Amino acid sequence: MTAAPTATGPRALGGVLLPLRITPWVRALALASLLANALLILTGGLVRLTGSGLGCPTWPRCTDESWTNTAEMGVHGIIEFGNRLLTFLLAAIAVLTFLAVWRLRERHRDLFRLALVLGLGIPLQAVVGGITVLTGLNPWIVGVHYLISSAMIALATVLVNRTRRYSLPAVGEAERPGQVHAHRSALRRLLGAIGLLTLLVLYLGTLVTGTGPHAGDDSSARHAFDAYLITRAHAVPVYLLVAATVAGLVLARRHRWPVAVASGLNVVLAALVLQALIGYYQYFNGVPIVAVALHLVGSAVLVWAVARVVEKGFAVTAVPAPVLGAARPAGASQD
C-alpha cells in the first residue's frame with residue numbers, strides 16, 4: 001500500500017499562504033499583527049522620548065535629498081528612520097494575513113474584514129505619521145497617531161481571539177455562545193462601559209503627554225493645558241475603570257460567569273495596577289524616560305487586555321445560531 005502523494009514546491013507553499021482552514025500559520029499571523037502594532041507604540045514613543053521626532057525632518061523622504069537617514073543626522077535620524085521602517089514590517093504581516101484568510105472569506109467573513117481593515121490601517125498610519133512630521137509634531141496629530149495604533153491593537157486582538165476560537169476545540173467550547181442568560185444585558189453593559197472608559201483614559205493620556213516635556217523635539221509645540229489639572233483629569237476615568245473592573249469581578253464570582261470573562265477581567269485589573277504604579281512613579285519623579293516608555297508599553301497591554309475580555313464577553317453572551325436539521329416538534333410534516 002503506497003502513501004498518498006503530498007504537494008511540494010509552489011503548490012505546497014500556496015497551501016500554506018492560502019489555506020482552506022484556520023491553520024497554525026493563520027493564528028501565528030494574527031499574533032504577529034498584534035505584536036507588531038504594539039511594537040509601533042513603543043518605537044513611536046522612543047522617537048518622542050529621545051527628542052528624535054524631527055530626526056527625519058520631512059516626509060515621505062527622510063530629507064529633501066535622501067529617502068534614508070544620513071550619518072550627519074546622528075542617532076536621532078537612526079531612531080526616526082527605524083520607526084518608519086517598521087511600517088514595512090507591518091505591511092508585510094498585513095499582506096500575509098490578508099492572503100491567509102482570502103480562501104476563508106465565505107465561511108469566516110469576519111476574519112476577512114478584520115484582516116482588510118488592519119491592512120488599510122497601515123497606509124493610514126503612514127499618512128498620519130507624515131502629517132505629524134510636516135506639522136512640526138503638532139500634539140493633536142501625534143495623539144491621533146497613537147489612538148490609531150491603539151485601535152489597530154484592539155482589532156488585532158479580536159483577530160487573535162477569533163482565529164483561536166474557530167480552530168481550537170477547547171477554546172471554542174470555553175467561549176461558546178449562550179453561556180450567560182439571566183444577566184446577559186448587565187454583562188454586556190459592564191463590558192461596554194469598560195471599553196468606553198479605556199478609550200477616555202487613552203485620549204486624556206495623549207493630552208497629558210502633549211502637555212508634558214516629552215514632545216518629540218525641543219522646538220515642538222505643546223498643549224497649553226495646566227499639567228497638574230490635565231493629569232488629574234486623566235486619573236478620574238482610571239479610577240472609574242478600576243471600579244468597573246472590580247465590580248465585574250465581584251459579579252462574575254456571584255453569578256458564576258464563564259471563566260473566559262472572569263480571567264479576562266483579572267488580566268485587565270493587573271494591567272491597571274501596573275499602569276497606576278508606573279504612572280505615579282513617573283509623576284513624582286519628573287517623568288523619567290524609562291518610566292514613560294514603560295507606561296507606553298503598559299498602555300498597549302491595557303488595550304490588548306480590555307479588547308480581549310470585551311470580545312470574549314460578547315462572544316459568550318451571543319445568542320447561539322439555530323442548529324440546522326434540529327428535531328421537529330411531534331406531528332410536524334416530514335415532506
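All of the numbers you see were taken from the coordinates with simple rules; none came from a lab. The structure displayed is predicted, hence computed values, not measured ones. Note: ideal-geometry Cβ built from the backbone for every residue, glycine included; neighbour counts use all protein chains shown.
Worth pointing out:
- Using C-alpha pairs under 8 Å with a sequence gap of at least 6, the mean separation divided by the residue count of segment 178-318 gives a relative contact order of 34 percent.
- FRET efficiency, 1/(1 + (r/R0)^6) with R0 25 Å, evaluated for Ile131 and Tyr228 via beta carbons: 0.25
- Three principal axis lengths of segment 178-318 [C-alpha, angstrom, descending]: 56, 23, 20
- Potential extension, Val319-Arg107 segment - 0.36 nm per residue separation minus Cα distance: 74.5 nm
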